[in-house]
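The values are calculated or read from the model by the stated rules, or taken from the named source; none is laboratory data. Only a predicted model underlies this, so the values are computations on that prediction, with no experimental measurement involved. Here Cβ is always computed from backbone atoms with ideal geometry, including for glycine, and neighbour counts include all displayed protein chains. Heavy atoms of the whole protein, side chains included, go into the accessibility calculation; ligands, DNA and RNA do not. Shrake-Rupley method; radii C 1.70, N 1.55, O 1.52, S 1.80 Å.
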Number of protein chains: 10
Amino acid sequence: MIYLVRMDVALPATMPESDATELKAREKRYAQELQRDGRWAELWRVVGEYANYSVFDVAGNDELHELLAGLPLFPYMRIQVTPLAAHPSRIAAEEDLAPGNP
Amino acid sequence: MIYLVRMDVALPATMPESDATELKAREKRYAQELQRDGRWAELWRVVGEYANYSVFDVAGNDELHELLAGLPLFPYMRIQVTPLAAHPSRIAAEEDLAPGNP
Amino acid sequence: MIYLVRMDVALPATMPESDATELKAREKRYAQELQRDGRWAELWRVVGEYANYSVFDVAGNDELHELLAGLPLFPYMRIQVTPLAAHPSRIAAEEDLAPGNP
Amino acid sequence: MIYLVRMDVALPATMPESDATELKAREKRYAQELQRDGRWAELWRVVGEYANYSVFDVAGNDELHELLAGLPLFPYMRIQVTPLAAHPSRIAAEEDLAPGNP
Amino acid sequence: MIYLVRMDVALPATMPESDATELKAREKRYAQELQRDGRWAELWRVVGEYANYSVFDVAGNDELHELLAGLPLFPYMRIQVTPLAAHPSRIAAEEDLAPGNP
Amino acid sequence: MIYLVRMDVALPATMPESDATELKAREKRYAQELQRDGRWAELWRVVGEYANYSVFDVAGNDELHELLAGLPLFPYMRIQVTPLAAHPSRIAAEEDLAPGNP
Amino acid sequence: MIYLVRMDVALPATMPESDATELKAREKRYAQELQRDGRWAELWRVVGEYANYSVFDVAGNDELHELLAGLPLFPYMRIQVTPLAAHPSRIAAEEDLAPGNP
Amino acid sequence: MIYLVRMDVALPATMPESDATELKAREKRYAQELQRDGRWAELWRVVGEYANYSVFDVAGNDELHELLAGLPLFPYMRIQVTPLAAHPSRIAAEEDLAPGNP
Amino acid sequence: MIYLVRMDVALPATMPESDATELKAREKRYAQELQRDGRWAELWRVVGEYANYSVFDVAGNDELHELLAGLPLFPYMRIQVTPLAAHPSRIAAEEDLAPGNP
Amino acid sequence: MIYLVRMDVALPATMPESDATELKAREKRYAQELQRDGRWAELWRVVGEYANYSVFDVAGNDELHELLAGLPLFPYMRIQVTPLAAHPSRIAAEEDLAPGNP
């Protein structure tokens, strides 16, 4: 099941530099694990902002919440989730790969 | 270059049914052509809304505007464009395909 | 899977009374069918507004969109979907029914 | 009388971990008591957010305010209350339970 | 039970003058009936707007919705309802009337 | 002259408990004095929020500002003022009291 | 008593040119009468918009509403009223006129 | 050149009382100087808020920014500037003073 | 004097195609005249929208309003004006052109 | 490729004066370097605000993010990016320079 997720990060000004560094390193490892197992399907930086747009492909609402709530930066993020469905104008996956298509 | 695009469609209540049908058919053909040539990279329906989230992969701002302004439904849509950049926690494409990854 | 859905209805001022009546009758039959099969789990009127808050219990995003897009009033509604997950403070269903609970 | 309530929690960054833990434990006990006596009728997590949507079934406005203002996390929450009414398309409770319904 | 209600009226530009006049006359009679039986407790014009703030004193959510949905101008209004509770700093009604108070 | 006033209170997390208690006690005395002299005509709690809706009946804008700026909690409140006028559908005060009215 | 008023005009696209012209002429006469008697104290165009910011100096809320509701363009305007009070840093009128001031 | 300016002040809760007092005194002197030389043409308190609406009459954008950025409270204010133009319905200054006008 | 201006165009669905074409041609001629005389200094399309961001360099507020109100599309546009000032980090124009700069 | 960028700066009240001064000096040097190499094409102060509107001319989304994220004030700014495209009514650069044009 597909979800679009936007995350905006705001670390408190009072957080020691070393804590921030350690937190971001943990966040990165966490994000990469989920990318490797295919559940964090896309990850882009929003230009000019400490924010990302991501696509998750998970079993459903509960699994998505569990993944997001487990993010090391979760307490410092505003997260917006948009559930997505198949679009009728989407070309079929097979067509995508069919010979003769550009 | 990657852009996230949200399109919300609102056809005027006065549009004849046949015009709407014809317009949507043209929109679908146009969308599928751009998917086949790889520039309309992702296309999802927003659950419960006559709207989509799309990802475009184009040469830049001018090409994106040209593609969007050419949409048959363009005069009836509100479009929001968010430019995206590579994210430092994104796993490299090669790693994605490397043996040993799930 | 649980979703909170808010629907705001706005019929065009130009719609003939009989069309509106017929549309609302179809909407009611549709809503009641989905309530009977358990997928439209809750349905409340928002006080003072031509709007409802509903709870859907469906297989996932695609099924929810299919149900909502099939609503006879769909072209005349603004719909907002919020995906919900289990809450850790929710008392378990069994406890609910256990003897000795008030 | 039915109310939809959304609660968004924001603990101050300066609150000691132990205070937060104790507060959350008290919040959980309080929430479960109200669920057991039937006044906190539904409780869901909003996916990706430290927030919930809840349904309360209470005698009226004053009782609802008293319950909400008594929440241990009340000073740290933004709460939005929407009064709900019976919906004319809601299938009657008796019908729900009638033999022959799915 | 007390509710604050704001109503913003927007008649369609296409409504014939005579329809508007008749509708407003019915609205006035309806509003005055409810004032006389005490349920429409306060009614003020918002300065500079075709809008009012009202206070309703009714049995609860369902009765309030029934009254509001019955307004002749209901299809042409945006209505916002805020449930109100007793305030701990409110002087008691008896004190209000007690001898010696100004 | 009538004004609707909404006040939202937000005490800083760093304020010592005793200061808050003393401030609230002063606020209550102040509010009750103004109720007794008739200028703070109505006072309700907004359900679920540390906020109130109030009606003031004062000589005009300057007096209202003086009263509000004098609130002990003024530095910690967001205040919104809506000037109100007589509504043409308001039943006259005399009619209210006339024999034969319920 | 002083009020800041913003008026945004939106004539319906269907209004005949001659009606619009006649309406604007009446609006102008009305606005100039109120300026001459001193109640419409200031009148400026908002740069780039069919809108104005105005200052009214009237007896109070009721008189202001009566003046605004009497505007020929009233049915086609969105009006926002902000009540104003004397500012403690305002130099006194007498000082303004005192000899020796620039 | 005329500009409408709204200033909302928010002093940090941590600012010592004496600093605030000194800052406000400097702000007042600064405001009065600019009123005396005619550039800060109007100054009103927004009822119920620690905010003002002001009218500035200056040579242009650069001078206005210089004046506003020089305000002692500038670091603690949110400022919104609206450029204003002459309004075609404004009665001419001479007419204002002409004999025979009320 | 410099201003940033955003213009969003929305032609009514009922405007005949030929009127729209004629209007846009007049708009284009008007825009190009102002570009040639240097007052419409910059003109960009907002990607994906029937909108532009423009920079105007004019004598002041009154001239800007006159230019904008004279736009053939003015009745069909929402326009937002932001006055701009010189920025202290802007490199001087002469430095820009000095030999030795990249 | 052209982008409009708005930056709003908010330094924390707790930042020592000397840190702020040093940060702003670094920001200025950074901004001027980018202006000299032509990528930070325009830079204006928003009148009355600690904010700027800027125009960037860069290779694309990734380069723009890299430049913005490298701003010394980046952690203290809210940044909004709007991608821009060529406008069909823009006079050609050559025409601009052609003899006979004003």
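Worth pointing out:
- Test result for I:A31, within 14 Å of chain J (Cβ to nearest Cβ) and without any contact (Cβ under 8 Å) to a residue 60 or more places away in the chain: yes
- From the options B:N52, B:N61, residue that is under 27 Å from C:L73 (Cβ atoms), modelled with pLDDT of 95 or more and within 9 Å of another protein chain (Cβ to nearest Cβ): B:N52
- Cβ-Cβ under 6 Å pairs, at least 6 apart or on other chains, the stretch C:62-77 side farther than 22 Å from C:E49 by Cα, far side at pLDDT 95 or above and open to solvent by 40 Å² or more (accessible area, probe 1.4 Å): C:D62/A:A86
- Among (1) touching a His at 6+ places or on another chain (Cβ under 7 Å); (2) part of a strand (DSSP E or B), the one test that H:A41 misses: (1)
- Odd one out for J:A13 among (1) closer than 19 Å to I:I91 by Cβ; (2) open to solvent by 20 Å² or more (accessible area, probe 1.4 Å): (1)
- Of everything listed in (1) within 10 Å of chain J (Cβ to nearest Cβ); (2) under 23 Å from G:D8 (Cα atoms); (3) not polar (S, T, N, Q), the single unmet condition for I:L67 is (1).
- Residue count for the stretch B:34-72, restricted to those that are over 12 Å from the mean Cα position of the chain (by Cα) and of a type in the set (D, E, K, R): 6
- Residue within the stretch H:77-97 that is more than 10 Å from chain G (Cβ to nearest Cβ) and open to solvent by less than 20 Å² (accessible area, probe 1.4 Å) present: yes
- Selection within the stretch D:50-72 - open to solvent by 20 Å² or more (accessible area, probe 1.4 Å), of a type in the set (A, V, I, L, M, F, W, C) and part of a loop (DSSP other than H, G, I, E, B): D:A59
- Each residue in the stretch C:65-88 was checked for being farther than 14 Å from C:R6 by Cβ and not hydrophobic (A, V, I, L, M, F, W, C), and 8 pass.
- Every residue from the stretch C:1-28 that is free of Cβ contacts under 8 Å to residues at least 60 places away in the same chain, among the hydrophobic types (A, V, I, L, M, F, W, C) and out of contact with any Leu (no Cβ under 9 Å at 6 or more places or on another chain): C:A13, C:A25
- Members of the stretch H:1-31 found to be at pLDDT 95 or above and of a type in the set (G, A, S), listed by number: H:A10, H:S18, H:A20, H:A25, H:A31
- Residue in the stretch D:43-53 that is hydrophobic (A, V, I, L, M, F, W, C) and touching a helix residue (DSSP H, G or I) at 6+ places or on another chain (Cβ under 6 Å) present: yes
- Members of the stretch D:17-47 that are polar (S, T, N, Q) and open to solvent by less than 30 Å² (accessible area, probe 1.4 Å): D:Q35
- Top-ranked residue of the stretch C:73-85 - restricted to ones that are of a type outside the set (S, T, Y) and outside any strand (DSSP E or B), ranked as farthest from the chain's Cα centre (by Cα): C:P75
- Listed conditions (1) facing another protein chain (nearest Cβ under 9 Å); (2) in contact (Cβ under 8 Å) with a residue 24 or more places away in the chain; (3) farther than 19 Å from A:V46 by Cβ are all met by B:R45, apart from (2).
- Filter result (in a strand (DSSP E or B) and at the interface with another protein chain (Cβ under 8 Å from one of its Cβ atoms)) within the stretch G:2-28: G:I2, G:Y3, G:L4, G:V5
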